[in-house]
1. Largest first and in whole Å, give the semi-axes of the stretch 117-252's equivalent ellipsoid, each being the square root of 5 times a Cα gyration tensor eigenvalue.
2. Find the relative contact order for the stretch 6-91 and round it to a whole percent, using C-alpha pairs within less than 8 Å whose residues are 6+ positions apart.
3. Taking only C-alpha pairs under 8 Å that are 6+ residues apart, what is the relative contact order of the chain in percent?
4. Please provide three numbers in whole Å: the alpha-carbon extents of the chain along the principal axes, with the largest listed first.
5. Go through 229-237, 67-75 and give me the packing order, highest mean Cβ count within 10 Å leading.
6. Tilt of helix 336-349 relative to the longest C-alpha principal axis of the chain, in degrees (0 to 90, nearest 10)?
7. Extending each Cα 7 Å along its Cβ direction at residue 344 and residue 407, get the distance between those two points in nm, one decimal.
8. Which of rounded, prolate, oblate describes the stretch 6-91, given a ≥ b ≥ c as roots of the alpha-carbon gyration tensor eigenvalues and a/c under 1.5 marking rounded, otherwise prolate only if a/b is larger than b/c?
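Just so you know, all these numbers are worked out from the coordinates, no wet-lab data involved. Everything quoted here is computed from the prediction, not taken from an experiment. Cβ coordinates were reconstructed from backbone atoms using ideal geometry, including for glycine residues, and neighbour counts include every protein chain displayed.
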């Protein structure tokens with residue numbers, strides 16, 4: 001937004017320009033919501049958080065050289081008293097203003113936008129799609145976990161002028177949130193990876209989760225493309241005749257025909273594509289199909305050959321330890337679908353003894369969490385896990401159902417889990433580490449790696 005005037009920024013945000021000091025200024029270089037990160041030229045938007053109100057730090061932001069600040073009237077009035085320079089913008093709701101700025105910048109870029117949601121696999125699909133698009137289009141993908149009503153507009157606003165494709169991830173914590181995010185990013189292609197038992201605590205049923213994911217489809221403009229899993233009946237009520245619909249997965253428009261050590265063969269309609277993606281996990285190949293469907297919807301020419309994908313951190317990272325031990329660090333998050341996929345992959349690929357460190361799966365709700373955790377223990381047994389370390393109060397239920405399938409150890413937290421496991425590892429072991437983000441199981445992987 002460097003070429004936007006203060007008036008233009010105010011209009012885009014739905015804010016009032018109260019004051020512009022120190023003469024004419026170019027537009028802001030970027031937008032930030034953390035005053036500690038403000039650098040000269042930034043627009044600081046003061047959001048009210050659970051622990052603190054960003055409006056308290058307007059003076060600090062301006063002293064750090066901010067281009068300007070956007071905050072509720074009472075905070076801006078206080079900051080104006082001592083601000084030597086900067087643009088002062090006021091509005092009733094800075095969070096709404098942030099979303100409006102993101103939407104206006106998305107329109108200014110005129111980039112093709114793909115929005116991705118699902119119970120699991122959103123980030124992997126985003127990473128794969130970015131790799132598919134980058135050779136043909138100047139592509140920006142949302143970084144880290146910028147997939148909420150705060151993170152999504154920040155991801156859009158960080159895209160430079162000249163961006164041709166935006167690949168965005170939409171998170172969901174309750175009904176109405178995906179609709180809100182869809183209204184901000186106005187996607188040309190909406191991708192729903194799957195519908196599974198994540199966020200049951202908030203939504204209660206799989207049907208309600210499907211309805212929340214269906215908000216993405218409902219928010220697409222006429223003529224846009226919906227990419228959905230083949231055979232997912234829960235999404236059928238939300239499909240629209242005025243959209244192009246592409247189905248991926250077994251029996252769909254895009255599906256894997258053959259996967260071997262030298263690559264995969266994928267059917268895209270009547271065409272066959274041969275790729276060397278560097279991964280063979282069944283769930284990642286499903287994500288690949290979804291990404292290929294989205295790339296095709298944008299009209300990107302896809303060629304046979306090697307596909308290099310840089311996956312986001314804590315998602316299936318392989319750490320090789322001294323003594324021939326392999327740690328699979330897959331602890332960014334967990335739900336019943338992703339846990340099953342990770343255990344299936346452990347069973348498929350581990351050459352030696354299988355070890356699993358499994359933490360609590362959160363947000364499943366009091367009615368369902370015991371059942372899903374007990375099923376997890378049964379899945380670990382079926383996967384041939386020899387040593388199971390459960391971490392957290394809920395994960396202990398998985399240990400109960402694991403029973404006599406192998407050695408079971410329980411830890412209250414990640415530090416205790418690492419201490420229990422360290423002396424039990426053998427040469428050739430493969431160790432899967434996975435749990436919900438709040439359990440912080442990356443500490444186990446880091447401790448075993450000596451970091």
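1. Working: eigenvalues 106, 61, 39 Å².
Semi-axes from the Cα gyration tensor: 23, 17, 14 Å.
2. Numbers: 177 pairs, mean separation 27.5, N = 86.
About 32 percent, as a whole number.
3. Working: 1024 pairs, mean separation 48.5, N = 451.
Relative contact order comes out at 11 percent.
4. Over the chain, Cα extents along the principal axes are 73, 53, 42 Å.
5. On the way: 229-237: 15.0, 67-75: 23.2.
Sorting 229-237, 67-75 by mean packing, highest first, produces 67-75, 229-237.
6. Compared with the principal axis, the helix lies near 50 degrees.
7. In this crude spin-label approximation the distance works out to 2.9 nm.
8. Rounded, because the longest to shortest axis ratio a/c is under 1.5.
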